[in-house]
Every structure is written in structure tokens, then in C-alpha cells.
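A short worksheet on the structure shown next.
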């Protein structure tokens, strides 16, 4: 019993120590074990890095990137711009050592040991990928005072909790050029993510050059596709960063683009198909009863698969409602002949045929969770995406898949296109308190954030992915008990602007949109509004998928806004503090916010309006008026009945969407009024 | 005489009409002829575009880009996202017609006729490139009021003054990835530039994949080079935009990178060479007496030339000081044997050998003006770059070349890396009042802005090129008498932020650098300082080329600053107005500026300092103190002698560079003091 208490005390002490370290060491993901010492490794122009390990192509690249970023952050003019071999006469100040080259498979060892003291940094890993993960930690440790930049003394032992920590980018709904992918790979690497899932085909476009079936990219991409050399380039770049690339060719549904090029493979005979310009679930589906479909997929996969060295190949398999199957006589006949009772059975038949093609190509099949039907071989990986929103129990299909014997990864809860708070994603714990055997546990490989691109373009996509995905990266790398929201948010602030270093445009492009919105007038008033508004959530911005086409404008107020609006949490805190204790300080903080919105309307009135800004007028006006009333109430000035009525009307108006956004401080304004009235 | 007066009156009236149109129509370059009418073509969701002309690959691309930009600017959800053929049942609202496909040669016709009235836009051109030039004008015309977006009624006949309107980008000193080049091509097209001169090799790197001599990119690029497919991609993209691509392989000097890979071709025998990390003029030079050099260049040019369909090939030829030639016995012997009296003669011998190789490849030679020696064939184009700074008369070698019978282009005066005001570049008139025969005149093809990249990275390069290059584009496209500086600056303000549409990062990346400088604290105080500071000019930032290496940090205060600092001209005007007339309004304007700098120091003191910000402390402090004294003087408060002495000391301190920048309002502060003391 004494022993138990001691352990509990140690755990508690450790939790406190971690929390206090988190306040100064803005690491994300948080390492498995970290001890701080009182030393510091000061950065000066003489810094050198040595590498000990064979074939250091990944580590060399990482060191060069490390040195550039170190120099750009600190302003220090380094004498040496590149790594040196370990056998140099003069010992390097940062010494990296590793044993093996990672194979980029799920069994890879990504652990590392990092020790920093006054004179030396030592980074030791089993693999080169472990070493580059450690280099990112080292750079995140960099800090400064007024006169110098330094790495605080630490000893870190680190390794990931899950082996699959992915980001999916949909490049079909809106094409994302090579540089967009590369900067996101850099950002992923900076938070130790290791899987890039590339959703390459869908109803809105087929994005791979095919030499076997050139009509695919010629007729079904609007000219926006990756050449095979570009795919090689991206795959190689990802490999340098220790990131696996999983391609997805979504079949048999989501097939409008494929069928635009090859309509003869469709389930509806003699139909013509067109690339979709809207969003949603559409009917065009490959014909699983047509042998030509399998010849086509065999040839296509045989061409495409070698571009992606990874063992896994994602075949999609989601959201096939089977309408064209139901309405087709020959498909009904085929089902009857083959004792395939339901469309699910027919799709399983299709998936099993695909699995054979992929096996031949030495690839394992991965698919969205609809593929988990009774006959599906256990070699497939189940990608769990559906949850409560799709009528499934909380937690979705992940645990079910693991219990049934499938390897599985989680995306339910990590749908970053739903425009929900980072806190929700951070709190999506894949396993939770569920009891699993160690075998079942080992089948849960990890998860992926999914960036569906119906409403994003290269201008805005980064702002939807980041910084939120860094919190998901921590959920998948760090231990389960690393879950303090406030400390996550604190660290995320630093990670957030550091992401700019990878070329991530989430902060800078906001002002680009605001300048365009205002025709280059003073943007401060609409920026203030954007800091309390968020884009409509959970797909309500594009209800039914028919409000926005792929070529609609995405340079609107909603595109400048983002989830976790800048002033939302601070104002909520200010209101809560004030409600608890209306001290002078707490009162002043609330009044400062309210005054900002009162004054903001004056600035807003000063800019010349255009049709894009007009919908914001009632927002700006009513927010200012409601704030005025609240200030009066706080100051205990007389507020007459008509003003109270007006306040309620203002709140009513403010509860409506403005330009596809919602005012996220509404409840806090109401709360203040309730307390004060 | 009456007739002359009438003509003079018409000209004068026209100048006035143009000036008044310039205030509302922010076109750049300004068209050859423009008449406005009182109609307006209103943009709504039904807008359609038709194309009449064969093989409309360029115009189709331009229309798609036009529709996206129109939609993104206006927020209008268009029903049709692409061009339609002219034979559609329903007449399109914007009708484009052209006769021929431009060949991308200097004889191409880029003229167009644009007519806009209430119901219709008509764009007619001789070539597809003329049509896409006209589309850019149409988009520049787009304007709005509170309730609608529209194109004002106009009739425009336009054609360029010069056929060669180029931008050179040096990708050797700092490599610029494909996306940097592409966004700059888009920006060039938006201001009707038509030549991209690609400086691909220099002492700091060889940036082309060579299959014949792979050591070139393997050993002499740090892994930063363009694959041949990427070169094809860029050349094709440029062609879509009506932009010719001229490659430059700089020889026989600037050859450190080539000789790093193939030292046996160097003039210094048994030497080893390394990629240069510094800037400047270096000694490594190809050996023009070695037949192997010509075999190498023949093979290399034979491999590289076909990647670039243009007729011209730039061989550099500049800044060969011949030191290694002078110190080589066998080269001296060769000169004697071949009656080559000087190194210039030897280089001419080399150039003529190169010209033969290029002729065989159906290419004409283009070189920097050092190649203009007596024996140089008249088929070469002389690229005039040297001027007063290099000890030549004003105007440099351009007129001399034209008179001697060479085609020629001007870059002297367009060296945008010298960090001089846009006004200076705008006022660089290639011909001026010099009398030329029409034949001589026709040999002056145009000019190129040159972006040497010693001090720029992908993060900052756009801010050095733009918006200034738009003014150079106007100098080269528009008539000579379009030269009103204030109206250019007025229009440039609009063009400036519109460049963001092409992905140009000049505005947004400034804040990225400031956030990094301040460790994500409030950037307003350093932004205020950056609005009155400019990077040190005319290469004094990197005196002798040895202060910055290629891998030095370029995320410093000087990198956030730019020429034509935002507050410089407005403050100068405010001071001049005040000096002329100390009216209440003029006084207030000056005091507002001074107060800003007084208050700014308080904000500056509030942010935590780091080693990058510390050098700005004396700048911030002394600017604030000097401003305080000036306010006192303006307010006729008592200013004691020590304060006057202190002011002079403050000015002394402020006249020194701070963090590689200079305070550009210094003279205006002094002027105020002179008037008030």
C-alpha cells in the first residue's frame, strides 16, 4: 500500500513537473519523458553539426533545414551551413548518431534520445527517422533572452504512442499544386506526423497523369493534375521527411471523373458523365459486374501503384448508395446469379477482386469503414470515419474493427473540414477506457486528420489544416494522459506562428483576403469582426452541397474567418471571470472588449462598402449597439426598457449567420446581459 | 500655324483627359489610346465569355484565369466557370476574337482593341497573345460601387512601344523553386511583360539537370536545381501567358559552379574549385584555349537548348576580369599565337566559337554588353547593363550598340536589386532625346528588370521585384509621354495589392518576418519603424560581398523593409506642405506623424527584446526624442539649448545605419528643424 502511495505521489509530482515545463518548453507533440537541467547550450556562429550513420541522406537534409531555420529564427550568421562527417578533426557541438535507415513501414522505430547540456547536444536514435524527429524537438526547444539564443538543458526520451499519424488531403474537389503539398509535408514533419494520405480521385476530378488511360487526366481534371514525375518528386520529398505516402483512388463510388473519361465502365448503360461542379454524394458508380472494369482497374493500379513505394493502397469504397446498381437490370441479374443479397455484398465482391489485384502488386488494401463487411479479408485496414453524425455509436467503427481482427485507423473525430474547435479534436481519444486485449490494442495503428477540400483553395487550405492538426499530431504521438487543454492551447500559440517557417500561409493569407474584401482600404475593422466570427460549421456553409461550385469564389469573409476565432476564448474567459467576481480588473477587461466593438463600428462605417462587405453591416452595427447597452449596465447607468428590448432584438439578429459565418461570442453577450439586467 | 495650334491644343486636351482618366482607371501599363463613354457593363452571375479563333489553348487558359479572378474579386457566384465556343446558341456577354496564334518571337503582334458598353464587351486582336493582353486590361478596369461590380465603358486601342519587356531572375545565388517562378510569370503577364530571362548558372550554383554532364547538378547545386521536366513545365506555362523564356548559361566567367563539377575545364590547371558561398566577382574562368571546353559547351548547349524553344540564348559573358588568364602560361602563349592582343580579344574568340555552336542549334546569341567587341558578329544581341556606376557615360551602351548595328536591350537603370526608388526606374527612358535613324531605333528592342538574388530568398524575392517592376513594364509598353510620377504612384497602389492575386507575397511576407523578429509579440511598433526605413542601397548592405553568405539569415529587419518605404513620401509631402504654408491642417498632419513616432517608442519598449531587435533600440529612441523636440518647436513651446544640441546628436545617430537599413525621413526631420529653430 505504501508502495502504491509512493507511485501515486511520483505520478502526481511528474504531472505537476510536466505542467510547469509545458509553460516554458513549447513542445508539440509533448515527449514521452523529459527532464530539465539548469544548463543551457548557447547558439553562436561556431555551431557545428556532425552525423554518424551510414547513408545519411535523410539526416543531411534535416540538418540543412535545421541550420537554415535556426539561423533564420535567431539571426545568427553561422560559419558552417551544412552538416559535417562525425570523423572531422574538431568535434561538432551537436552530435547526431543513428544505426539504421528506416524502411518507411509501420514497424519503423521513431524513438530518439536527446541530451542537451552547456557544451554539447547529443541526439541518438535507432533509425535516421528517429534522428530527424529528435531534430524537430531540438528546434522547438530553441529560446532566447535579450542577449542570446539558447537550448535549455534537457534530457528527453521519446517515442510515439501510435505508429500511424496521418493527414489526408483531398486534391480532387480543389486541386492543390505541388508546393501546397510540400509545405504541408514540411509542417507535418515539424510535428512528427508520418503518413500523408493523398485523396487523388473523386467526382470532381482525377488528378494523376495516366499513360495507360490518358483520357483520365485529359478529360477529367480541367488540366489540373500531377504528372508522374511530380508524384515521384512528392513521394521522394515525403520520404526525406520520414513520411509515408498512401494514395487513394476512390472506387466504386465517387466515380464521376473516371466515368467522364470512360463512361463504358459505368453502372448506367449508354450514359454520359461529367465532372461534378457541386459537392455531395453522387450516383455515378463503376459497374462491378463488368469484366472490363477489372481489366481497367488492373491496368490502372499496375501503372499507378509503383509510383508509391508504400505497402498500403487506399481504394476508398465509401458512400456508394448503389442507386445506379438498383436501377440496372443486368446488375440485379448478376447479384441474383452470384447469391449477392445486398449491394453491400456486391461491393464486397468488388473489393475482394480489387484486393487480389493489389496483392499481385504487393500492396495491402485500405478502405473507408464501409468495406468492413463479413467476407472482407482480415488483411485489409479499416479506415474508421463514420460516427454519431452518420448514425453509428460514439467511437464509430474503430474498436469494432480491432475486435474483429482488422488493423484500423481513426478519422472520426479528426474531420478538420467540419470547422469545429481544436479542443474537440484534441479530446478525441482513440481508445479511451475501453478494455482491449494487447492483440486488439496493437491493431489500432493510429489516425488521420482529414482535409476534405470542397470549400478550400490553395489560398485557404492551410488555415483549415493548421494549427489544429498539430494538436491531433500530439493526440497520436503523446501519451494518453497528456491532455490538459489550456496547456495545449498555450503551446499551440507558439507552434502556430512557427508553422509559418514551413511556408504555411494560414496567418498571412487572412490579410490577403481582407485586403481583397476591402479593396485595399484599412482592414482593421473587418479583421476585428473576423476575430469573433467563425465559418458555419459541420457542412452547413454549403447546405446540400449546392451553394458552392468548385469554381465559386473562396475569397469571402467566411474564408478570412477560422475556427477558434482569436477573441472567442479570451472573451469567454473574461466574461466568466467577471461573472464570478466583478473586481475592478475583471470589469475593465470585459469593458475593453465591448468598447473595441463599439469603436469598431465607427471604423467600419469609414470604409467604402462593396457588395461583399454589405452583409457585414448588420453584424457590425448590432454588435456595437449590444455592446453599448452592456457597458451601460456594467457602469450601472440607466438602461430604459426600450433599450432592453432593443438588446434582445440585436441578439436575435446576431444569432443569424452573416456571410456564411456565425458570431461565436453570442452566448457570452447573453450571459453578461442575464447577469446584469 | 493655326493647324499647329489646333494640334497642340488637342494634344494638351488629350494629356488632361488622360490624366483625369488615370485617376479613376488604374491601368498599368497605360494603353496607347483610351476613350471613355458613360456606359457601364455590370457583372452578374450570368456573365459568359466566348472565344472565336482556332486552337484557343492560350485564350482558354486566360479566360479561366480571368473568370476565377473576377469571381474572387467581386464575390459573384458565376453560373459558367469556363469559356464557351463562339457558335453557342446564346451570344456571350464578353466576346473574344483573334486571327492567329502568336509564335512567341519578337515580331509577334500584341495589339488589341477593347470596347465596353452596357450590354457587351468586345475584345479583338490579331493574335491570341494580343487577346490575353486585352483580357488583363479588362480585369484592371473592373471597379465597383456599394451595390455592384462593373466595367466602365471604354474604347481602347493598344499596342506596345517595345517588343522586349523582360524580367530577369537570378536563381543561382539563391535558388527559386518552380512555384516562385510561376507566380512571377503570372504577375508579369498581368502587366503585359513578355520575356522571362532565366539566369540559371553562376558561381553559387548550376541549376539545371544535365543528363550529359550530371556532375553539374549533382555536385554544383546543393541539390537545388530544376529537372528538365520542371523546365518544360515552366516554359510551357510561360508560353500559355505569352511569355518567351530566355535561358542564360553564364560563361566564361562566373564559372565556379561549372568548375566545381569539371575542374579540368578551368583556366587554372590542377586547381580544385568550390561553389561560392559569398557574393562578388570571382576568378574561376573556363579555359578558352582548351578544345575540351568547346566539346563540353557544344554537348551541353545541344542538350539544354532544345528545352527552350526561343530563338535566343544568353551566354552571359560579363565580368570576366581574366586574372586566371593572365597567370596562365599556356593561355598567354595561345594569345600570342592567335594574335589576340587583349583578354577582350580572347573572349571575343571564345564568343565567336560559341556563336557557331548556337547557330548550329538554330539559336541567336545574346550577351551582356562586354561582348560588344569589334569582331563580334552583328547577329548578337547586346544586353546593355553597365552605366555610370561602371564608369560608362549615362545611358550606357544601348545607343552605341544600336548605332553600331546590333539589336539591343536595356537593363542599366532597371537593376531592381540596387534598392533604389521606383521613380528612378520609371524615369529611365531608354532613348530619351537622342536622334536615331528609324533603322537604329528599330534595333532597340526594349529592356529587362534584373533581379540579382544575392540578398533575396523565396520569402523576400517578390518584395524586391514588385510592385516596382510594374512601373518598368509601363515604361517599356506605354508611350514615352506617359511619365507623370504622381499618377504612376497612384495607379501603382492599386496594382500593388492586386498582385497578391497572382500569389505574389510581397505584402503578406513582411508580417511573417516581423512576427519572427518579435517572437510573435505585437508587431505594430517594428512595423512602424519599417515604414520609415529602407535596406541599404546600391550593394552597401553587403559591402564587398563578404557580409552575407548564401546561407546567412534573410529574415532580418532589413528583409522586412523595402524601398519606397510606406511613410516616406507622405511625410516628405507633409513637411513640404507645412514649410510652404503652416496652416492648421498642414501643421496637424506633420504633428500626427511625429506623435506616431513618439508613441511608437512606448510600444517598442513594451515588447521583450531579443538579439535581432536590440539594434533597433537607438533608432526607436532617437526618432521618438527628435520628434518630441520638433513637436515642441511646432507648438512654440520653449526648447532649451541642451534640447537643441540633443536634437543634433539624435540626427547624427539616426544618420547611421540600423540593422542594415537607413532612416529615409532623416532629411525631412532636419528640414523641419531648420525651418523651426
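Miscellaneous remarks
- Label 7 Å beyond Cα on the Cβ vector: residue B:303 copy-to-copy distances, nm: 2.9
- Across the protein assembly as shown, the convex hull enclosing all Cα atoms gives 225 Å³ per residue.
- Between residue A:89 and residue A:122, residue separation times 0.36 nm minus the direct Cα-Cα distance comes to 10.1 nm.
- Rg/Rh ratio calculated on Cα atoms of region A:548-677 (Kirkwood radius): 1.00
- Extension gain, residue B:438 back to residue B:99 (0.36 nm per residue minus Cα-Cα distance, nm): 119.2 nm
- Global form of chain B, assessed from the alpha-carbon gyration tensor, a/c cut-off 1.5: oblate
- In this simple spin-label model, placing a label point 7 Å from the Cα along the Cα-to-Cβ direction at both residue B:32 and residue B:319 gives a separation of 3.8 nm.
- 222 nm mean residue ellipticity, helices alone, for chain B (DSSP H n ≥ 4; -39,500 (n - 2.57); rounded to 500): -13000 deg cm²/dmol
- Taking one quarter of the surface of the convex hull spanned by the alpha-carbon atoms of region B:21-158 gives a direction-averaged projected area of 8.1 nm².
- Taking the number of Cβ atoms within 10 Å of each Cβ as an exposure proxy, the fewest-first ranking of A:433, A:369 is A:433, A:369.
- Two-site label geometry, residue B:579 and residue B:403: point separation in nm, points 7 Å out along Cα→Cβ: 3.9
- Eigenvalues of the alpha-carbon gyration tensor of region B:530-575, scaled by 5 and square-rooted, set the equivalent ellipsoid semi-axes at 26, 12, 5 angstrom, largest first.
- Pairs of Cα atoms in region B:194-377 fall into 5 Å distance bins, from 0 up to the last occupied one, in shares of 1, 8, 17, 21, 21, 16, 9, 4, 2, 0, 0 percent.
- Cα gyration tensor shape of region A:466-598, rounded if a/c is under 1.5, else prolate or oblate by comparing a/b with b/c: oblate
- Förster radius 25 Å - calculated FRET efficiency between residue A:147 and residue B:667, Cβ distance, rounded to 0.05: 0.15
- For region A:341-396, the square roots a ≥ b ≥ c of the C-alpha gyration tensor eigenvalues yield an a/c of 1.5 or more together with a/b not exceeding b/c, which makes the shape oblate.
- Sorting B:21, A:78 by the number of Cβ atoms found within 10 Å of their own Cβ, with the fewest placed first, yields B:21, A:78.
- Residue A:39 versus residue B:295: modelled label distance in nm, points set 7 Å from Cα along the beta carbon direction: 5.7
- Shown for A:298, B:462: other C-beta atoms within 10 Å of each C-beta, ranked fewest to most, produce the order A:298, B:462.
- Length available on full extension from residue B:546 to residue B:277: 0.36 nm per residue minus the Cα-Cα distance, which gives 95.9 nm.
Rule-based calculations on the coordinates, nothing more; no lab input. Being a predicted model, the structure only gives us computed values, none of them experimental. Note: ideal-geometry Cβ built from the backbone for every residue, glycine included; neighbour counts use all protein chains shown.
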